[in-house]
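*Asks:* This structure is in structure tokens; I'll ask about it shortly.
The values are calculated or read from the model by the stated rules, or taken from the named source; none is laboratory data. The structure presented is a predicted model; accordingly, all values stated were derived computationally and were not measured. Neighbour counts are summed over all protein chains in view; Cβ atoms, including those assigned to glycine, are modelled from backbone coordinates with ideal geometry. Just the protein is used for accessible areas: all its heavy atoms, side chains included, with ligands, DNA and RNA removed. Shrake-Rupley method; radii C 1.70, N 1.55, O 1.52, S 1.80 Å.
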Amino acid sequence: MKRLFITFALLMILISSGILVFQWMGFRTESAVDTGTVEVNQSYSIVHQDGEFKVNQTIHFPTSVPDSMTIYWPDGAENFTCKNQDGKNCLTKENGEFQISTLNVEPQEITVTYTIHPSTEAGFILLRDWFPVFSGVSTSSTVIQLTEKSLRTGNWLAGYQSASHKKLDYIDYYFFSGEGQPSDLLWTKNAWKEKRSPAVRMLTEEGVPSDFGDSLDSLDSDEGFVTIIQTKKIKPFQSPHLIVMGGAFGGDQINNIRRSLLYQTMSSRDDDAWLKEVVVGLLLNDAPPTGKSAWAYKQLKDGLSPSEWDELRQIVKNPTVDHIMLDDAVSKVTGFTSSFFADSVKGKGNENQTLILHGNKPIIINQESKELSYLLFQRKKYIQFAETVKDLGFEMREIEPGVFLTTVNGNSLRFYVNEDYFIYNEENYGVLVKPVQTIGDSDYIDIQWLEKLFKVDVVENDQDIKLVKEK
């Protein structure tokens, strides 16, 4: 009996262990599918001589390796190569895009090489966006080793806290390391005066302001570090690790530092790093300076009510940023479905999407469910124009492109799509908005004008939206 009990107990332990392993593997698989992101570490070996930078980049995959990656080269890059750890070519070009493939061993490294020839200004060289960006990866840490063979009288700077420089007989050797993607790099002839706080290094030509440390006491240094260069010889710019400012040290500069440090606390796919700029802007309630993130911020600001905006700022406090999180947050605060960030991510490059939020409730007319599109656009609600008017029982015809004619209770109405007026009984009525306009790929009417001109009550509840003609 005792032997039977022990056997049964061992059997149950084996079964339980199997179930736990299966569940854990399922969890791992599901998580990988959800994130679609592989963390990598990167190192760069750069040799500069006579205006040419030869870059040798090694990407280490600590755990998993994507089947393939799209690579976006820096502007002006040339002489591309890619080798896997077996020395085989892993660079192809498909449909006009460069792809990294044949990554079959886990974990492994790949080595990418290319050359760049940045312009040289009087007294400095600035390398911005000098590195390739790979789809589907998130860079955890970066090491940059730079060998300088030509410019022996100045210094190279990066934004990282960890930096060293050795002056040898024939070359200068620089070593930089930090978290996240590569820092911008700057070479100057200047002899800088330096002062540090826990989160900031400041370099100036004329001496660091006496209140430098006091001004930075409120900044959190746990997750990041930024280098500031104060000079009038270089056009000011903002980046996650390195900031150049031309004016006096003050409130605006503190906000820029806070922006960079906050950016460093977040992670995202490298090819979607602009999403972090959007979140930083939301948290600071301050628009990103330029680019795709500035456009997206403005779309949100124009498209959400003040209360929705405040709620969105509270729920995007997340260390991991992706388009799913942001679209879900917008959907939650508005009650409409958002694909704005998903569409923006798909449209790589400079394509700017418009924030159009889609209703997900059935539209009921005369107790029948209708296939009608319902939108929230720039804080106003819209419904498909011609289709809705016809479903309400009114005759509608397009008398010429973009001009619609109908009759309501014996009164004629003529609408001009995307114009701020309409014709009622042959009288022109100018209004402050466009009653009918093209949004996306269809024409829509403002719900308020639908109610006013067609004598319809639009009743929205938790389950559906009812359109009821007034009696």
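*Asks:* Any chance you could give the angle, 0 to 90 degrees and rounded to 10, that helix 306-315 forms with the longest Cα principal axis of the chain?
*Replies:* 40 degrees
*Asks:* Next question, about the same structure. Once both labels are modelled 7 Å past Cα along the beta-carbon direction, what's the residue 113-residue 339 spacing in nm?
*Replies:* 4.4 nm
*Asks:* Computed from these coordinates, which is Rg and Dmax of the Cα atoms in Å: (1) 29.4, 100; (2) 23.7, 82; (3) 27.9, 93?
*Replies:* Checked against the structure: label (1).
*Asks:* Which whole-Hz couplings ³J(HN,Hα) result when phi for each residue of segment 354-365 is put into the Karplus expression 6.51 cos²θ - 1.76 cosθ + 1.60, θ = phi - 60°, listed in order with x for Gly and Pro?
*Replies:* 9, 6, 10, 9, 9, x, 10, 9, x, 9, 10, 10
*Asks:* Can you send over the carbon and sulfur percentage of the accessible area for the chain, probe radius 1.4 Å, protein chains only?
*Replies:* Numbers: 12390 of 24940 Å².
Within the chain, the accessible surface is 50 percent carbon and sulfur.
*Asks:* Under 13 Å from the 7 Å Cα→Cβ point of residue 58, by amide nitrogen: which residues of segment 128-148?
*Replies:* Those under the cut-off are 143-145.
*Asks:* I'd like the FRET efficiency for residue 45 and residue 429, computed as 1/(1 + (r/R0)^6) with the beta carbon distance as r and R0 of 56 Å, rounded to 0.05.
*Replies:* Values: r = 70 Å, r/R0 = 1.24.
After rounding to 0.05, the efficiency reads 0.20.
*Asks:* At 1.4 Å probe size, what's the solvent-accessible area of residue 302? Round to the nearest 10 Å².
*Replies:* Accessible area of residue 302: about 60 Å².
*Asks:* Starting at the first residue of segment 328-335, write each ³J(HN,Hα) from the Karplus equation 6.51 cos²θ - 1.76 cosθ + 1.60 with θ = phi - 60°, in whole Hz, x for Gly and Pro.
*Replies:* Karplus-based 3J(HN,Hα) across segment 328-335 equals 4, 5, 5, 4, 5, 7, 9, x Hz.
*Asks:* Now for a separate question. Anything over 26 Å Cα to Cα? Flag those among 434/469; 189/276; 149/189; 381/471, in the order listed. Walk me through the numbers before you get to the answer.
*Replies:* On the way: 434/469 23 Å; 189/276 34 Å; 149/189 15 Å; 381/471 24 Å.
Pairs exceeding the cut-off: 189/276.
*Asks:* Give me the lysines in straight-line cross-link reach of residue 93: C-alpha distance below 16 Å, same-chain residues under 8 apart excluded.
*Replies:* In chain and number order, the partners are 83.
*Asks:* Further question: Please arrange 69, 325 by accessible surface area, largest first, computed with a 1.4 Å probe and ligands excluded. Write out the running numbers ahead of the final one.
*Replies:* On the way: 69 0, 325 30 Å².
So the residues, ranked largest to smallest area, are 325, 69.
*Asks:* Rounded to the nearest Å, what's the spacing between the alpha carbon centres of segment 131-185 and segment 276-314? Just the number, please.
*Replies:* 32 Å
*Asks:* Quick one: if you stick a label point 7 Å off each Cα along the C-beta vector at residue 173 and residue 290, how many nm between them?
*Replies:* Going by the 7 Å Cα→Cβ label model, 3.7 nm.
*Asks:* How far is helix 2-35 tilted off the main Cα axis of the chain, in degrees rounded to 10, range 0 to 90?
*Replies:* 80 degrees
*Asks:* So which aspartates and glutamates can residue 232 reach, going by Cα to Cα under 20 Å and dropping same-chain residues fewer than 8 places off?
*Replies:* Answer for residue 232, where 20 Å is the Cα cut-off: 121, 184, 194, 205, 206, 252, listed by chain and number.
*Asks:* Quick one: 3J(HN,Hα) in Hz for segment 376-386, Karplus 6.51/-1.76/1.60 with θ = phi - 60°, rounded, Gly and Pro as x.
*Replies:* Ordered by residue, 3J(HN,Hα) equals 10, 9, 6, 6, 10, 9, 10, 9, 3, 7, 4 Hz.
*Asks:* Using a 1.4 Å probe, how large is the accessible area of residue 334, given in Å² and rounded to the nearest 10?
*Replies:* Surface accessible to solvent at residue 334 totals approximately 20 Å².
*Asks:* Within segment 431-471, which GluC sites (Glu not before Pro) sit in a loop by DSSP and count at most 15 neighbouring Cβ atoms inside 10 Å? Could you put the intermediate results ahead of the total?
*Replies:* On the way: sites: 451, 460, 470; in loops: 470.
Listed in order of number, the matching sites are 470.
*Asks:* With a ≥ b ≥ c the root eigenvalues of the C-alpha gyration tensor of segment 399-471, is it rounded (a/c under 1.5), prolate (a/b larger than b/c) or oblate? Don't skip to the answer; put the middle values down first.
*Replies:* On the way: a/c = 2.04, a/b = 1.34, b/c = 1.52.
Oblate is the answer for segment 399-471, as a/c is 1.5 or above yet b/c matches or exceeds a/b.
*Asks:* Can you list residues from other chains, or at least 5 along the same chain, whose modelled amide H is less than 5 Å from the amide H of residue 201?
*Replies:* 226, 227, 228
*Asks:* Can you find, among 305, 325, 338, the residue farthest towards the positive end of the dipole of segment 303-355? Put +1 on the C-beta of Lys and Arg, -1 on that of Asp and Glu.
*Replies:* The Cα lying farthest towards the positive end belongs to 325.
*Asks:* Checking the a/c ratio against 1.5 first, then a/b against b/c, what shape does the Cα gyration tensor give for segment 358-404? Show your work: numbers first, answer last.
*Replies:* Values: a/c = 3.03, a/b = 1.22, b/c = 2.47.
Taking the square roots of the gyration eigenvalues as a ≥ b ≥ c, segment 358-404 is oblate.
*Asks:* Looking at segment 94-200, which chymotrypsin sites (Phe, Trp or Tyr not before Pro) are in a loop (DSSP not H, G, I, E or B) and have at most 12 other Cβ atoms within 10 Å?
*Replies:* Details: sites: 98, 114, 124, 130, 134, 156, 160, 170, 173, 174, 175, 176, 187, 192; in loops: 130, 160, 170, 192.
Passing sites in segment 94-200 are 170.
*Asks:* Leaving out same-chain residues fewer than 8 places away, which aspartates and glutamates sit with a Cα under 14 Å from that of residue 361?
*Replies:* Within the straight-line cut-off, residue 361 pairs with 371, 460, 462, 464.
*Asks:* What do you get for the angle between helix 274-284 and the principal long axis of the chain? Use alpha-carbon atoms, 0 to 90 degrees, nearest ten.
*Replies:* 80 degrees
*Asks:* Now a separate question. List the trypsin sites (Lys or Arg not before Pro) in segment 66-150 that DSSP assigns to loop (not H, G, I, E or B) and whose Cβ has at most 16 other Cβ atoms within 10 Å. Which are they? If you can, show how the numbers build up before the last one.
*Replies:* Details: sites: 83, 88, 93, 128, 149; in loops: 88, 128, 149.
Answer by residue number: 88, 128, 149.
*Asks:* Tell me which residues come under 5 Å, amide H to amide H, from residue 38 once H is placed; ignore anything under 5 positions away on its chain.
*Replies:* Those qualifying (amide H under 5 Å, at least 5 residues apart or on another chain) are 137, 138.
*Asks:* Between residue 184 and residues 5 or more places away or on another chain, which pairs have amide H atoms under 5 Å apart, with H built 1.01 Å from N, and which residues are they?
*Replies:* 159, 241, 242
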